[in-house]
Amino acid sequence: MLVSPFLLKHTFDIILKRKEETNVLKGIKLRLYPNRTQQNQLEQMFGNDRFVWNRMLAMMNERYQNNKALPFLGKFKLNYLLKPLKKEYPFLKTSDSSSLQVVNEFLTQSWKNFFQDKTGQAGKPRFHSRKYLKKSYTGKSTIRITGKRYLKIPKLGYVKTSKTGVLQNTKVKRYTVVLEPTGKYYLSLQAEMPEPEKYSLTDKQVGIDVGVADLAILSNGLKYPSFNSSYFEKKAKVWQRKYARRRHLAKLLVLQDRNKKVLCPRSLESFTNWQKAQKSKAKCQAKAANQRRDYLHKLTTHLVKQYDVIAIEDLKTKNLQKNHHLAKSIANASWRIFRQMLEYKCEWYGKKLIAVDPKNTSRICSKCGYNSGAKPLEIREWTCSKCQTKHDRDINAAVNILHKATPTGQGLAMVTS
């Protein structure tokens, strides 16, 4: 059978176009508004995941105690055990079957981390408690858009959501339904979508030194302040004190009923005042976290648009937070999240991020290269004893970071392009 050259060329063009279209994985978070029936279903599904995790973990712990060998059977063998488990406990059928398989996957990975970790930081997997505030389950089934603000989620049916326009031309790989301590439901999606359009090149490069008072200090002298969360911290502390006081009072009343052998003793869950205080505290903390993340998104997007090459320090934030005097300030500045956002945005939009060794960046004169030694943190400005150049400590460090990131510079740690 002969194929026309036109049809052959058209097919070849389609194949080439598909190869050129590269997809990226993005995280999308939507607010869910389930009705009362769906809320009860979600509570059951959260409990089912917790039940399967605890049953499988109990079995693995018994194997580990008896054999002192690798107790996990692998996620595929654990999935094979789900069928008889569902026959024994029919309420498990109310869950999305893929969510129970994901539980087995997470459990298997936890045991692998425990045996492969040589530092001793990864402990044995623990049982999940129903008292844990943040409840969630993860599935791999298909989620469909059924309306402007409605999604069809497996086992739940049609659920109202905040928006669906962001899901156009996406393929959902995995989804997670979460009940936050604030009492709000969220749907987190891992979606595959076409690669975003690249930003235009500006032929500019910059070095960035991160700090506490100023989050980002650029080598050209610009400074961007850290997010100020003092207002939310004060409100959260007020509600934390109320929460602790009300919970302590509730425990005393519960013990009093037990000692007096009351016919229908009150339970801790029957006291709602301390639960309201806990929820109010969680709302303050969530609002601060949302505003901080929004600020970081706007700042990192602005930097990626403005500069083609961005050089930063390859800091070990976890080690720096061992300094108890600076740990809270470093956590509030969110250095790690700031770097993560720069990494994936540079990769998406065709820019380059270079992480360099931070050694001596605040000691060396950026003009003559003389190392004048260590300086206390309270010294914010200093003068080079060799060339007499007056430096702003942070700006000088940012310039040195940019110098290290050049092809001739030393201490190149990692390049992300």
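It is to be established whether one or more residues within the stretch 76-95 are assigned by the TED database to the domain that holds TYR64, assigned to a loop (DSSP other than H, G, I, E, B) and either free of Cβ contacts under 8 Å to residues at least 12 places away in the same chain or in contact with a Pro (Cβ under 7 Å, 6 or more places away or on another chain) (or both). Even if it seems obvious, please write down each step before you answer.
Here is the first cut: in the stretch 76-95, the ones assigned by the TED database to the domain that holds TYR64 are 76-95.
Remaining after also requiring assigned to a loop (DSSP other than H, G, I, E, B): 89, 95.
Then keep just the ones that are either free of Cβ contacts under 8 Å to residues at least 12 places away in the same chain or in contact with a Pro (Cβ under 7 Å, 6 or more places away or on another chain) (or both); that gives none.
No, the stretch 76-95 has no match at all.
From (1) modelled with pLDDT under 80; (2) in the same structural domain as ASP214 (by the TED database), pick out the condition that doesn't hold for LEU353.
Condition (1) is where LEU353 drops out.
If you scan the stretch 96-106, which residues turn out to be open to solvent by 10 Å² or more (accessible area, probe 1.4 Å) and either outside any helix (DSSP H, G or I) or among the polar types (S, T, N, Q) (or both)?
Answer for the stretch 96-106, where residues must be open to solvent by 10 Å² or more (accessible area, probe 1.4 Å) and either outside any helix (DSSP H, G or I) or among the polar types (S, T, N, Q) (or both): SER97, SER98, GLN101.
Under the condition of being of a type in the set (S, T, N, Q) and assigned to a loop (DSSP other than H, G, I, E, B), which residue from the stretch 4-50 is modelled with the lowest pLDDT? First the steps, then the outcome.
The first filter runs over the stretch 4-50 and keeps only residues of a type in the set (S, T, N, Q), leaving 4, 11, 22-23, 35, 37-41, 44, 48.
Next, from what is left, pick out any that are assigned to a loop (DSSP other than H, G, I, E, B): 4, 22, 35.
Values: SER4: 53, THR22: 73, ASN35: 94.
Among them, the one singled out is SER4.
Step by step: first the residues of the stretch 107-132, then only those that are without any contact (Cβ under 8 Å) to a residue 24 or more places away in the chain and aromatic (Phe, Trp, Tyr), then the one that is surrounded by the most Cβ atoms within 10 Å (Cβ to Cβ). Which residue is that?
For the stretch 107-132, the residue satisfying everything is PHE114.
Restricting attention to the stretch 261-283, and to residues there that are within 14 Å of GLY183 (Cα to Cα) and small (Gly, Ala, Ser), which single residue is most open to solvent (accessible area, probe 1.4 Å)?
SER280
Looking at (1) over 22 Å from the mean Cα position of the chain (by Cα); (2) over 17 Å from ASN396 (Cα atoms), which is the one condition that is false for LYS367?
With (1) over 22 Å from the mean Cα position of the chain (by Cα); (2) over 17 Å from ASN396 (Cα atoms) applied to LYS367, the lone miss is (2).
Might you let me know whether the stretch 51-66 holds any residue that is over 30 Å from VAL166 (Cβ atoms), hydroxyl-bearing (Ser, Thr, Tyr), in the same structural domain as VAL166 (by the TED database) and modelled with pLDDT under 85?
Within the stretch 51-66, one or more residues are over 30 Å from VAL166 (Cβ atoms), hydroxyl-bearing (Ser, Thr, Tyr), in the same structural domain as VAL166 (by the TED database) and modelled with pLDDT under 85.
Among the residues that make up the stretch 283-290, is at least one of them in contact with a helix residue (DSSP H, G or I) (Cβ under 9 Å, 6 or more places away or on another chain) and in a loop (DSSP other than H, G, I, E, B)?
no
What's the number of the condition TYR295 fails, among (1) surrounded by 17 or more Cβ atoms within 10 Å (Cβ to Cβ); (2) in contact with a helix residue (DSSP H, G or I) (Cβ under 9 Å, 6 or more places away or on another chain)?
(2)
Looking only at the stretch 338-381, which residues are open to solvent by less than 20 Å² (accessible area, probe 1.4 Å) and outside any loop (DSSP other than H, G, I, E, B)?
Across the stretch 338-381, the qualifying residues are PHE338, MET341, LEU342, LYS345, CYS346, LEU353, ILE354, ALA355, VAL356.
Any chance the stretch 302-312 includes a residue that's acidic (Asp, Glu), open to solvent by 40 Å² or more (accessible area, probe 1.4 Å) and either under 21 Å from the mean Cα position of the chain (by Cα) or assigned by the TED database to the domain that holds VAL399 (or both)?
Pass one, the stretch 302-312, residues acidic (Asp, Glu): 308.
With the extra rule that they be open to solvent by 40 Å² or more (accessible area, probe 1.4 Å), the set shrinks to none.
Within the stretch 302-312 (the criterion being acidic (Asp, Glu), open to solvent by 40 Å² or more (accessible area, probe 1.4 Å) and either under 21 Å from the mean Cα position of the chain (by Cα) or assigned by the TED database to the domain that holds VAL399 (or both)), the answer is no, since none of the residues qualifies.
In the stretch 261-282, how many are farther than 30 Å from VAL210 by Cβ and in a helix (DSSP H, G or I)?
11
Inside the stretch 316-342, can you point out the residues that are in contact with a strand residue (DSSP E or B) (Cβ under 7 Å, 6 or more places away or on another chain) and modelled with pLDDT under 90?
Taking the stretch 316-342 as the starting set, the residues that turn out to be in contact with a strand residue (DSSP E or B) (Cβ under 7 Å, 6 or more places away or on another chain) are 333, 335, 338-339, 342.
Across the stretch 316-342, the qualifying residues are ALA333, TRP335, PHE338, ARG339.
Inspect the stretch 287-304 for any residue being of a type in the set (S, T, N, Q) and without any contact (Cβ under 8 Å) to a residue 24 or more places away in the chain and give the result as yes or no.
Pass one, the stretch 287-304, residues of a type in the set (S, T, N, Q): 290-291, 300-301.
Next, from what is left, pick out any that are without any contact (Cβ under 8 Å) to a residue 24 or more places away in the chain: 290.
Yes, because at least one residue in the stretch 287-304 is of a type in the set (S, T, N, Q) and without any contact (Cβ under 8 Å) to a residue 24 or more places away in the chain.
The values are calculated or read from the model by the stated rules, or taken from the named source; none is laboratory data. The shown structure was predicted, so the numbers you read here are calculated from the model rather than taken from an experiment. Glycine also receives a Cβ, built like all others from the backbone with ideal geometry; neighbour counts cover every protein chain displayed. In case anyone asks, the SASA skips ligands and DNA or RNA and just uses the protein heavy atoms, side chains included. Shrake-Rupley method; radii C 1.70, N 1.55, O 1.52, S 1.80 Å.
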